[in-house]
Amino acid sequence: MQFIKRFRVGQRAIKTAISVGLALALAMVLGSSLPIFAAIGAISVMSRTWVDSLKESLNQIAGTFLGYLIACVFVTVLPNPTFFVWMALGVLCVISLCIGLKLNFAIPLASIVFADVCLYTGGDSIVYGFHRFTDTLVGLVVALLVNVVIRPYNNRQKIINMMNEIQKMFLPLLQSRVLEHRYPDLTPLTERMSSLASELRIFEKQPVALWQHAVRVAARRQEAAYLRGCEQLLAKMCGELAALCNMDSNPAPGEKSIERLTAHGLTAPENLKDYCRCSPVDAQVMDFHIGNLLDAYDFLTAFHHV
């Protein structure tokens with residue numbers, strides 16, 4: 001079963017396959033002699049969101065046209081543009097100009113178009129290169145339309161699942177720091193929070209489907225506000241846990257804190273206080289942070305079930 005799960009086909013893979021098929025079909029209908037460039041264009045810009053696809057398509061169009069123009073200069077000016085030194089310098093020019101124009105994403109495809117045009121020996125290289133540019137353009141446009149029309153990306157459920165996973169990380173960390181007097185590694189928690197923030201940015205920037213715009217815009221804003229509120233509660237919990245881990249002393253939590261911790265399924269050792277030799281102020285500080293963390297934890301739990 002685990003072996004089968006490794007080969008699970010995702011939505012992006014399916015949309016890429018559809019884009020390639022449609023791009024090849026359209027290129028053939030238009031009479032392309034090398035429809036493979038349409039397929040390359042479709043593959044290169046299929047992204048999670050159609051906004052990302054649009055940005056990447058524009059970058060690819062600009063970069064591909066740049067590669068075509070440089071190839072036109074080479075085949076016009078140089079007597080033997082296929083000489084390996086000229087090819088190497090040409091690719092270097094394509095890469096340098098793409099970087100200078102902030103078209104880094106388009107470097108591979110632009111370099112391929114440049115090399116293909118320069119190496120063409122079957123006729124007019126400039127006309128041939130223009131056809132390859134238009135073939136690539138067909139693939140880019142098809143992939144963009146497929147990403148818009150077929151189930152636009154919505155990572156809301158993924159964000160909810162990530163939040164639930166992050167919330168579950170806190171109780172074991174509390175057990176370790178407060179009741180076992182150890183200093184746990186918070187790196188996995190920090191990394192998960194960073195991934196969550198990235199997914200939230202995608203959710204907020206991803207427009208709704210065009211045909212649902214009037215209905216869904218208000219709902220999307222409410223969903224974004226709800227998810228941001230949950231993230232803020234998790235961030236507050238992270239801050240309180242970090243404060244506990246930054247304490248130099250290991251005081252025993254008060255009775256009220258112990259009751260709340262045990263109510264959440266944690267186990268307090270019977271001899272917990274025997275190993276604590278700290279000032280009352282340290283104990284108050286620990287109780288303060290424990291209380292704040294559990295308040296946010298309980299509020300987030302209730303928030304999810306509203």
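The values are calculated or read from the model by the stated rules, or taken from the named source; none is laboratory data. Just so you know, these numbers come straight off a predicted model, no measurement behind them. Cβ atoms come from the backbone with ideal geometry, glycine included; neighbour counts cover every protein chain shown. All accessible areas refer to the heavy atoms of the entire protein, side chains included, with ligands and DNA or RNA removed. Shrake-Rupley method; radii C 1.70, N 1.55, O 1.52, S 1.80 Å.
Some points to look at:
- Here the accessible area is traced with a 1.4 Å probe on the protein chains. For the stretch 65-153, carbon and sulfur cover 76 percent of it.
- Per-residue SASA entry for ASP282, accessible area with 1.4 Å probe, Å² rounded to 10: 50 Å²
- Per-residue 3J(HN,Hα) values for the stretch 30-43, derived from phi via the Karplus relation 6.51 cos²θ - 1.76 cosθ + 1.60 with θ = phi - 60°, read 7, x, 5, 7, 9, x, 4, 5, 5, 5, 4, x, 5, 5 Hz in sequence order (x marks Gly and Pro).
- The residues neighbouring GLN60, those whose beta-carbon lies less than 14 Å from its own, together hold a net charge of 0 under the Lys/Arg +1, Asp/Glu -1 convention.
- Exposure here means at most 11 other Cβ atoms within 10 Å; with trypsin sites (Lys or Arg not before Pro) in a DSSP loop as sites, the longest stretch of the chain lacking them is 103-276.
- Within-11-Å neighbourhood charge of ALA42 [Cβ basis; K, R +1; D, E -1]: 0
- 3J(HN,Hα) couplings calculated from phi for the stretch 99-114 with the Karplus curve 6.51 cos²θ - 1.76 cosθ + 1.60 (θ = phi - 60°) are, in sequence order, 5, x, 8, 6, 10, 4, 4, 8, 4, x, 5, 4, 5, 4, 4, 4 Hz; Gly and Pro show x.
- THR76/LEU145 FRET efficiency (R0 35 Å; Cβ-Cβ; nearest 0.05): 0.50
- Average accessible area per residue (Å²) across the chain - probe 1.4 Å, nucleic acids and ligands excluded: 54 Å²
- For the stretch 130-143, 3J(HN,Hα) computed residue by residue from phi via the Karplus equation (6.51, -1.76, 1.60; θ = phi - 60°) reads 5, 5, 5, 5, 5, 4, 5, 4, 4, x, 5, 5, 4, 4 Hz, glycine and proline entered as x.
- Debye-formula intensities of the chain, expressed as log10 I(q)/I(0) at q = 0.07, 0.08, 0.10, 0.15 Å⁻¹, are -0.49, -0.59, -0.75, -1.10 (one equal scatterer per alpha-carbon, no solvent).
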